[in-house]
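J.: Take a look at this one; I'll ask things after.
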Amino acid sequence: MGALFLVLPVGLPLAGGFLSFFLRFRDERSRFAYMEAVTVATSVCVLIALLFVGPGKADLFSFTYGYSLSFGLDGMSRLFSGLIAALWPFALLYAYGYMAEEKHRARFFAFYVMTYGVALGVAFAADMITLYVFFEMLSLVTIPLVTHYGDHDSMYAGRKYAAYTIGGASLAFFAVIVATVYGQNGQFIYGGSLNGTGPKGLLEAAFVLGFFGFAAKAAIFPLFDWLPTASAAPTPVTALLHAVAVVNTGVFAVGRLTFYVFGPELLEGRGVTAFCRVMVLFSLIFGAVMAIRERHLKRRLAYSTMSNLSYMLFGILLLTPEGLSAGLSHMVFHSLTKMVLFLCAGAFMHQTGRSYVYELGGVGRYMKVTAACFTAAALSLMGMPLSAGFISKWALIRSALEKGGAYALAGVACLIAASFLCAAYTLSISIRAYFPAEGKALLNQEKAPAEAGMAMRLPILVFTGAVLFFGLWPGALMGFLNSLSGGI
């Protein structure tokens, strides 16, 4: 019975999205009502699973040599699936408002909903084989979203996205094989399923390939370039890629690989671990520096995402329970914060027809609600106290200081430096929105921009409220994250 509760939320959006190609709707509003109903029903199924399905593993389909696709629930899967389920219905509502005048909406919403099911498949995966299958499916089902507009930039972005994410997963396949052969069929066991079995060189090669292969979706250097390029997609897609589905699955998979397959004891003190740590810290600073240099609004936020994903990887590679908890807390709070920033950016672009930071002078005087939400999220992203971003950054710094050592201290320095850079590349947008340079304000337009419709504003307000709420009352969520140190 437990397996059914996990299969249903994965299968419902996959089937619902696929069937929408064949169903006949009276109008676009009816189509959206159907899609939203499927999405909300899926989130309800996830909630039921989180409440009533206990820990364990259920085999869904067995194939060669006794290997199988298996679902299960533990602390990490509960966290990731709950995050997805909370965000997706509101993201779809925003997409409805944003895409109202666009072509090929039927195709767009079908793949948008199907992506929900595939992402849940990653969350519920109970072993490396299952995770890898859905990890690859996620790349395939999101390619039509990246290439939605069909112009040169979109098609180029789609090709690059496919090359990086599918190519990266090909690297990770070696780690899947090693984990399956030497690690109890690749099961996820807190502390590691390998138990030190297997040749040392083989295990080290498997970890470094698996780390970079999975982290390609988390935009680790040098496999990052697909992320800013994918900004050519519609804003609901870039928010989906940069805040929820794709990038977080990269972090999630690295967390599984590190804590549930190889294990901290096996990885601590290894040369390959040190190499991965260096690349994480470099990515953290590199992304922040590139964000300051970038003038396109969504690409600036994309580089910011690259930097913040490395915050999460930094916490995981501390190889302590506290580091894992801190990294996952930043995954949650960054998702909420970056959803606000991307949705606000999309609203600015949708209402003004402009895409570059220097073109948005004075927009805050007309789109007051959107600009206020953007500023609140910017303060959270930089780690301002009483915001969600401060909670997770503080947890990362504290866990690093408790760990000690060169990597931890260097990471603290990088986190602080990146936070200052973050203030520069986010608050400068807010300052320009409220205090435009002379002669460069939207005030000079014959027709001033207005706030986006309620379908776009409501998700922005909900996610902004969540950012503020968790900044003031993070206790329950942080308590659950800390319980991950017990391997629940």
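J.: Reachable aspartates and glutamates from Lys160, Cα under 17 Å, same-chain residues fewer than 8 places away excluded?
T.: Leaving aside aspartates and glutamates fewer than 8 places away in the same chain, those within reach of Lys160 are Glu136, Asp151, Asp225.
J.: Going through the cross-link list Lys217/Lys338; Lys217/Lys393; Lys338/Lys393, which pairs have a Cα-Cα distance over 18 Å in this structure?
T.: Over 18 Å apart, Cα to Cα: Lys217/Lys393.
J.: I would also like to ask the following. Select from segment 5-89 those chymotrypsin sites (Phe, Trp or Tyr not before Pro) which occupy a DSSP coil region and have at most 14 other Cβ atoms within 10 Å, ordered by residue number.
T.: In loop regions of segment 5-89 (DSSP not H, G, I, E or B), the sparsely surrounded chymotrypsin sites (Phe, Trp or Tyr not before Pro) are Phe21, Phe22, Phe25, Phe63.
J.: With +1 on each Lys and Arg Cβ and -1 on each Asp and Glu Cβ, how big is the dipole of the chain about its Cα centre, in debye rounded to the nearest 20?
T.: In debye, rounded to 20, the chain gives about 740.
J.: With the Cα gyration tensor of the chain giving a ≥ b ≥ c as the square roots of its eigenvalues, does the rule (a/c under 1.5 for rounded; else a/b larger than b/c for prolate; else oblate) give rounded, prolate or oblate?
T.: The shape class here is oblate.
J.: Please determine, in degrees from 0 to 90 and to the nearest 10, the orientation of helix 105-124 with respect to the longest principal axis defined by the Cα atoms of the chain, where the helix direction is its Cα long axis.
T.: Orientation of helix 105-124: about 30 degrees from the principal axis.
J.: How far is helix 2-19 tilted off the main Cα axis of the chain, in degrees rounded to 10, range 0 to 90?
T.: The angle comes out at about 40 degrees.
J.: Hey, what angle do you get for helix 454-472 against the long axis of the chain, alpha-carbon based, 0 to 90 degrees rounded to 10?
T.: 60
J.: Under a plain spin-label model, where a point goes 7 Å from the Cα along Cα-to-Cβ, how far apart in nm are Arg295 and Leu4?
T.: Roughly 6.0 nm, to one decimal.
J.: Taking 7 Å along the Cα-to-C-beta vector as the label spot, tell me the Phe275-Ala41 distance in nanometres, rounded to one decimal.
T.: Going by the 7 Å Cα→Cβ label model, 4.9 nm.
J.: Could you work out how far the C-alpha centroid of segment 315-388 sits from that of segment 76-128, in angstrom?
T.: Comparing the Cα centres of segment 315-388 and segment 76-128, I get a distance of 19 Å.
J.: In the chain, once you exclude exposed GluC sites (Glu not before Pro) (DSSP loop, at most 13 other Cβ within 10 angstrom), what's the longest stretch remaining?
T.: It runs 269-437.
J.: Same structure, new question: Give the residue list of trypsin sites (Lys or Arg not before Pro) in segment 1-93 that are DSSP loop and have at most 15 other beta-carbon atoms within 10 angstrom.
T.: Passing sites in segment 1-93 are Arg24, Arg26.
J.: Testing the spin-label approximation: label points 7 Å from Cα along Cα→Cβ at Leu409 and Ala448. State their distance in nm.
T.: The modelled label-to-label distance comes out at 5.5 nm.
J.: May I pose another question? Taking only DSSP H segments of four or more residues, each worth -39500 (n - 2.57), what value at 222 nm results for the chain once the sum is divided by all its residues, to the nearest 500 deg cm²/dmol?
T.: Calculated mean residue ellipticity at 222 nm is -23500 deg cm²/dmol.
Where a number appears in this text, it was derived from the coordinates with a stated rule and is not lab data. Note that this is a predicted model, so its numbers are computed, not measured. Counting neighbours? That spans all protein chains shown, and the Cβs are built from the backbone with ideal geometry, glycine included.
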